[in-house]
1. Work out the length of the dipole vector of chain B about its Cα centre, built from +1 on the beta-carbon of each Lys and Arg and -1 on the beta-carbon of each Asp and Glu, and round it to the nearest 20 debye.
2. So which GluC sites (Glu not before Pro) in the range A:1-110 end up in coil per DSSP with only 12 or fewer other C-beta atoms within 10 Å?
3. Within 10 Å of each residue's Cβ, count the other Cβ atoms and sort B:Ile48, B:Ile18, A:Ile79 from fewest upward.
4. Starting at 0 and stepping by 5 Å, how many percent of the alpha carbon pairs of the range B:42-95 end up in each bin?
5. Treat each spin label as a single point 7 Å out from the Cα along the C-beta direction, and report the A:Tyr102 to B:Phe46 distance in nm.
6. Dipole of the range A:2-115 (Lys/Arg Cβ +1, Asp/Glu Cβ -1, origin at the Cα centre): which of A:Ala93, A:Gly42, A:Val30 lies farthest to the positive side?
7. Separation between the B:Arg17 and A:Ala2 pseudo-spin-labels, each 7 Å from Cα along Cα→Cβ, expressed in nm?
8. So which aspartates and glutamates pass the test for B:Lys37, namely a Cα distance under 20 Å, with those fewer than 8 places away in the same chain ruled out?
Amino acid sequence: GAGVSQSPRYKVAKRGQDVALRCDPISGHVSLFWYQQALGQGPEFLTYFQNEAQLDKSGLPSDRFFAERPEGSVSTLKIQRTQQEDSAVYLCASSLGPGTSYGYTFGSGTRLTVV
Amino acid sequence: DQQVKQNSPSLSVQEGRISILNCDYTNSMFDYFLWYKKYPAEGPTFLISISSIKDKNEDGRFTVFLNKSAKHLSLHIVPSQPGDSAVYFCAASANTGFQKLVFGTGTRLLVSP
């Protein structure tokens, strides 16, 4: 597709449940980013992939968060044993390359609500 | 520790007037700055950027000014239009090999007809 596609758009999870959020980046985009946006806040960096390599995961809040991009295209963000503080919009973005000359394109996000 | 700060949560402007959105940062390693616009239920969309080697960048109605000594940047929208009503995020990155963005908390702009 023409843009970054994220699914599902909305997810309600019971506390303790595992969830998986999917990101389909723009075809050919090497770089892929995940951000978390809590209510009333700006997006916060979670992790970065260059092709299939996860080069930075310093923003993942705990070891309950895991991201993968096994074939260098689609990426999945998995959250195990969800907690209420995980409620947020999870944004995926992709770009042609890592440098600042390449702009990001964000997806519309997945809104996760943990009840 | 908020490295990028947008101290005005909201701003109201009349159509045709200038909108000025402000952003301050604390990390002197930041060398690239961006503004994003976000509508409800959509992802942020890129508006305009500026490198730290410049102090001004202009694109149509949008101009970004950078004052490195004050660690301050601003976005000017002239003339403002009702369609500009959205949340505006300031973001910054340091030269770490890839563009890891640090965002501010956003300013909600309302442009009234």
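Read-outs throughout are calculated quantities, based only on the coordinates presented, and are distinct from any laboratory measurement. Computed from a prediction, not measured in an experiment: that's the story for all the values here. Counting neighbours? That spans all protein chains shown, and the Cβs are built from the backbone with ideal geometry, glycine included.
1. Values: 11 positive and 9 negative charges, 18 e Å.
Dipole of chain B, to the nearest 20 debye: 80 debye.
2. Those satisfying the criteria are A:Glu71.
3. Listed from fewest to most nearby Cβ atoms, that is B:Ile18, B:Ile48, A:Ile79.
4. Distribution as computed: 4, 15, 29, 25, 16, 8, 2, 0 percent.
5. The modelled label-to-label distance comes out at 1.1 nm.
6. Projecting each Cα onto the dipole axis, the largest value belongs to A:Gly42.
7. 3.6
8. Result set, ordered by chain and number: A:Glu44, B:Glu15, B:Asp24, B:Glu58, B:Asp59, B:Asp84.
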